[in-house]
1. Restricting attention to region 116-136, report how many residues are touching a residue at least 40 places away in the same chain (Cβ under 8 Å), farther than 30 Å from residue 51 by Cβ and open to solvent by less than 20 Å² (accessible area, probe 1.4 Å).
2. Among the candidates 159, 130, 152, 163, which residue alone is more than 15 Å from the ligand (Cβ to nearest atom) and at pLDDT 95 or above?
3. Name every residue in region 116-125 that is within 12 Å of the ligand (Cβ to nearest atom) and either farther than 16 Å from residue 57 by Cβ or not in a helix (DSSP H, G or I) (or both), in order of residue number.
4. With the structure loaded, tell me whether residue 113 is without any contact (Cβ under 8 Å) to a residue 60 or more places away in the chain, within 14 Å of the ligand (Cβ to nearest atom) and either closer than 30 Å to residue 241 by Cβ or open to solvent by 80 Å² or more (accessible area, probe 1.4 Å) (or both) or whether it fails that test.
5. Take the residues of region 7-28 that are under 24 Å from the mean Cα position of the chain (by Cα) and open to solvent by 10 Å² or more (accessible area, probe 1.4 Å): which is nearest to the ligand (Cβ to nearest atom)?
6. Which residue out of 105, 169, 143 is open to solvent by less than 60 Å² (accessible area, probe 1.4 Å) and more than 13 Å from the ligand (Cβ to nearest atom)?
7. Name the residues in region 35-69 that are in a loop (DSSP other than H, G, I, E, B) and either acidic (Asp, Glu) or more than 20 Å from residue 133 (Cα to Cα) (or both), would you?
Amino acid sequence: MNLIHTVAELQGSLQQKREEGKSIGFVPTMGALHPGHIELVKQCVAENDVSVVSIFVNPTQFNNPEDLLKYPRTLEADSKLLQEAGVDIVFAPSVEEIYPEPDTRQFDFGDLETVMEGQFRPGHFNGVAQVVSRLFDVVKPDRAYFGEKDFQQLAIIRQLVKQLGLNIRIIPHPIVREPDGLALSSRNTRLTPEQRKNAVAISQTLRKNQKEQNRQPVSELKKKVTAEINAVPELQVEYFDIVDGHTLQSITNWSDTNYPVGCIAVYAGDVRLIDNIRF
Ligand code: PAF
């Protein structure tokens, strides 16, 4: 495995592989890797001749400076995990490598970006689009892998690829969960033991209410799920919406879509967790 820090070195190395006709798979990450990332990475390794994983904590996607500061940085442990997973190249650039000039591009994803995460984290998806488009430009992968936990991000990335006319296949990977159901996230390490115990209520409540589809109106089910989670100590729902999985717009009636997805953001103390479930 090769650990590369500069764009020039990465491009040199990948150019050669491309000329040899090798396919390139790419997993962009912000590090602090957990088994969910590693599943994604293993899929990438299995499906491509060359696999590249980037580790870059992207400042432009953090609308909360505190969150950026607190984001765990664990390059050494991450590199070890990636080596074991069979990755060929780890790309861990500095901020200056990714943004030699400030990135002032403004993307327009229409209604996809104004709801849910976009509503509560203004500017977040613009930052994600800036870094992912830059990384795509540098790596030029054939396939890129994204987890379904960040359901809205996945929709935005698909749209980005369409808008920029890129020939990259976006491959989604199902949410990876702890045995008790909590969706894996780098933020889980920040939970106190008590919060960790309580946080299981997020996925359990979603799962328990999955069978309520068509039994009660969408608006009632949204209220019910929110109230059940808010009743758990230290948990506070920021939003819970049931949307059309393609457009991400709220549905009013179950018959509005054949792809209803419940998306939720919950604070456990000061740790913000997201999850989603297909109804
Ligand atoms: O999902 C993430 O970890 C990040 O948003 C990504 C896609 C690596 C961009 O910084």
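1. Number of matching residues: 1.
2. Of the residues listed, the single one that is more than 15 Å from the ligand (Cβ to nearest atom) and at pLDDT 95 or above is 163.
3. Matches in region 116-125: 117, 121, 125.
4. Considered against the rule, which asks whether it is without any contact (Cβ under 8 Å) to a residue 60 or more places away in the chain, within 14 Å of the ligand (Cβ to nearest atom) and either closer than 30 Å to residue 241 by Cβ or open to solvent by 80 Å² or more (accessible area, probe 1.4 Å) (or both), residue 113 comes out as yes.
5. 28
6. None of the others qualify; the one that does is 143.
7. Scanning region 35-69 gives 48, 49, 64.
Residue-wise test of (1) within 17 Å of residue 266 (Cα to Cα); (2) in contact (Cβ under 8 Å) with a residue 24 or more places away in the chain; (3) out of contact with any His (no Cβ under 7 Å at 6 or more places or on another chain).
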| site | (1), (2), (3) |
| --- | --- |
| 206 | yes, yes, yes |
| 214 | no, yes, yes |
| 217 | no, yes, yes |
| 221 | yes, no, yes |
| 225 | yes, yes, yes |
| 229 | yes, yes, yes |
| 234 | yes, yes, yes |
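The values are calculated or read from the model by the stated rules, or taken from the named source; none is laboratory data. It should be emphasised that the depicted structure is a prediction, and the values quoted were computed from it without experimental measurement. Neighbour counts are summed over all protein chains in view; Cβ atoms, including those assigned to glycine, are modelled from backbone coordinates with ideal geometry. Surface accessibility is based on the protein's heavy atoms, side chains included, excluding ligands, DNA and RNA. Shrake-Rupley method; radii C 1.70, N 1.55, O 1.52, S 1.80 Å.
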